[in-house]
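Worksheet for the structure shown next.
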Amino acid sequence: MSLLKPIVMPSAKQKVASELRKAILSRKLKEGEVLSLESIATQLNVSITPVREAFQILDWDGLIKLRQNKGAIVLGITDTYIRDHYQLRAILESSCAQLACENEADLSTLEDIMKDAQRMIETKEYAGYADNNRAFHSEIWHMSGNQKMENMVSELWNGLSMGNMVTEEEYAKISYKEHEQIYQALQKRDRQASYDAMYAHIMRSRDDMLTYYN
């Protein structure tokens, strides 16, 4: 019997969707800008297929509008979009945390992620925290045991919140403190506390984004 756990990685289309969403929300890609499949594929060093699939995700999400045989055009960001986006993420991610408690999921990988985050903060290696943050969240999605929910929330991921508004140090320390609360609730198998801690974490991200845009 294998003692190793498979590493869960986002699909190519999810990675592309995440990068494009991040670029749009951080205004690197501006309202009205035209996106071509070929240009995005070249910039991200991927084939056209995952870019086309990512365009469909972002079109459904309301961030871009597909143009027949002409790629897509970037739409504007509104308060309503931000509120809807983060509310959906909060519901899905909080439910993942709750399901992880119900499943009595193995927390060993999450524990390693938390230890790695603590080491980064103690050694002031804040630049690597964004990847750790993604790993923390994606492990909880996986622990839910619900593949469809995991795929949905992965497609919503953008990796943004305080990262654009404060220093890397402040971002890492605040995020890690909130991750600790989520992790402790998961350790106790406390379904409601896990849900509430994750929900508060995502809503704080929402409030940060609303502050950033207003």
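What are the residues in region 53-77 that are in a loop (DSSP other than H, G, I, E, B), more than 11 Å from I24 (Cα to Cα) and within 20 Å of the chain's Cα centre (by Cα), if any? Please lay out each step first, then the result.
Here is the first cut: in region 53-77, the residues in a loop (DSSP other than H, G, I, E, B) are 62-63, 67-71, 75-77.
Filter once more, so that each one left must be more than 11 Å from I24 (Cα to Cα): 62, 67-71.
Of everything in region 53-77, just one residue is in a loop (DSSP other than H, G, I, E, B), more than 11 Å from I24 (Cα to Cα) and within 20 Å of the chain's Cα centre (by Cα), namely G62.
Determine whether L75 is closer than 18 Å to G32 by Cβ and touching a residue at least 12 places away in the same chain (Cβ under 8 Å).
Against the criterion (closer than 18 Å to G32 by Cβ and touching a residue at least 12 places away in the same chain (Cβ under 8 Å)), L75 qualifies.
Only one of K13, K22, K28, K70 is modelled with pLDDT under 95, out of contact with any strand residue (DSSP E or B) (no Cβ under 7 Å at 6 or more places or on another chain) and under 20 Å from Q147 (Cα atoms). Can you tell me which? Can you show your working first?
Numbers: K22 fails: under 20 Å from Q147 (Cα atoms); K28 fails: under 20 Å from Q147 (Cα atoms); K70 fails: under 20 Å from Q147 (Cα atoms).
Among K13, K22, K28, K70, only K13 is modelled with pLDDT under 95, out of contact with any strand residue (DSSP E or B) (no Cβ under 7 Å at 6 or more places or on another chain) and under 20 Å from Q147 (Cα atoms).
Among the listed residues E139, E93, E102, which satisfies the condition of being among the acidic types (D, E) and closer than 17 Å to D61 by Cβ?
On the way: E139 fails: closer than 17 Å to D61 by Cβ; E102 fails: closer than 17 Å to D61 by Cβ.
Selected residue: E93, the only one of E139, E93, E102 that is among the acidic types (D, E) and closer than 17 Å to D61 by Cβ.
All but one of (1) out of contact with any Gly (no Cβ under 8 Å at 6 or more places or on another chain); (2) within 22 Å of K15 (Cα to Cα); (3) surrounded by fewer than 22 Cβ atoms within 10 Å (Cβ to Cβ); (4) touching a residue at least 40 places away in the same chain (Cβ under 8 Å) hold for G128, so report the exception by its number.
(4)
Scan region 22-43 for residues that are surrounded by fewer than 18 Cβ atoms within 10 Å (Cβ to Cβ) and either basic (K, R) or under 15 Å from M209 (Cβ atoms) (or both) and report the count.
Adding up the residues that qualify gives 5.
What about L99, is it in contact with a Gly (Cβ under 7 Å, 6 or more places away or on another chain), modelled with pLDDT of 90 or more, among the aliphatic types (A, V, I, L, M) and farther than 30 Å from R52 by Cα?
Numbers: in contact with a Gly (Cβ under 7 Å, 6 or more places away or on another chain): yes; modelled with pLDDT of 90 or more: yes; among the aliphatic types (A, V, I, L, M): yes; farther than 30 Å from R52 by Cα: yes.
It is true that L99 is in contact with a Gly (Cβ under 7 Å, 6 or more places away or on another chain), modelled with pLDDT of 90 or more, among the aliphatic types (A, V, I, L, M) and farther than 30 Å from R52 by Cα.
Among the residues of region 78-94, how many are under 14 Å from the mean Cα position of the chain (by Cα), under 15 Å from R21 (Cα atoms) and polar (S, T, N, Q)?
The qualifying residues number 0.
I want to confirm something. Restricting to region 176-214 and keeping residues that are assigned to a loop (DSSP other than H, G, I, E, B) and touching a residue at least 24 places away in the same chain (Cβ under 8 Å), which single residue is nearest to N103 (Cα to Cα)? Outline the logic, then answer.
Residues of region 176-214 assigned to a loop (DSSP other than H, G, I, E, B): 188-190, 214.
In the following step, the residues that additionally are touching a residue at least 24 places away in the same chain (Cβ under 8 Å) were identified as 189-190, 214.
On the way: R189: 9, D190: 12, N214: 41 Å.
For region 176-214, the residue satisfying everything is R189.
Out of K115, K148, I need the residue that is within 19 Å of V16 (Cα to Cα) and without any contact (Cβ under 8 Å) to a residue 24 or more places away in the chain. Which one? Quick ask: steps written out before the conclusion?
Working: K115 fails: within 19 Å of V16 (Cα to Cα).
The unique qualifying residue is K148.
Could we say that E178 is of a type outside the set (A, V, I, L, M, F, W, C), touching a His at 6+ places or on another chain (Cβ under 6 Å) and either modelled with pLDDT of 95 or more or within 28 Å of T123 (Cα to Cα) (or both) here?
Working: of a type outside the set (A, V, I, L, M, F, W, C): yes; touching a His at 6+ places or on another chain (Cβ under 6 Å): yes; either modelled with pLDDT of 95 or more or within 28 Å of T123 (Cα to Cα) (or both): yes.
Criteria met by E178.
Going by the structure shown, is E150 buried (at least 16 other Cβ atoms within 10 Å of the Cβ), over 25 Å from P50 (Cβ atoms) and out of contact with any Pro (no Cβ under 9 Å at 6 or more places or on another chain)? Write out each step before concluding.
Details: buried (at least 16 other Cβ atoms within 10 Å of the Cβ): yes; over 25 Å from P50 (Cβ atoms): no; out of contact with any Pro (no Cβ under 9 Å at 6 or more places or on another chain): yes.
Criteria not met by E150.
The values are calculated or read from the model by the stated rules, or taken from the named source; none is laboratory data. Bear in mind the structure is a predicted one, so any value in this text is a computation, not a measurement. Here Cβ is always computed from backbone atoms with ideal geometry, including for glycine, and neighbour counts include all displayed protein chains.
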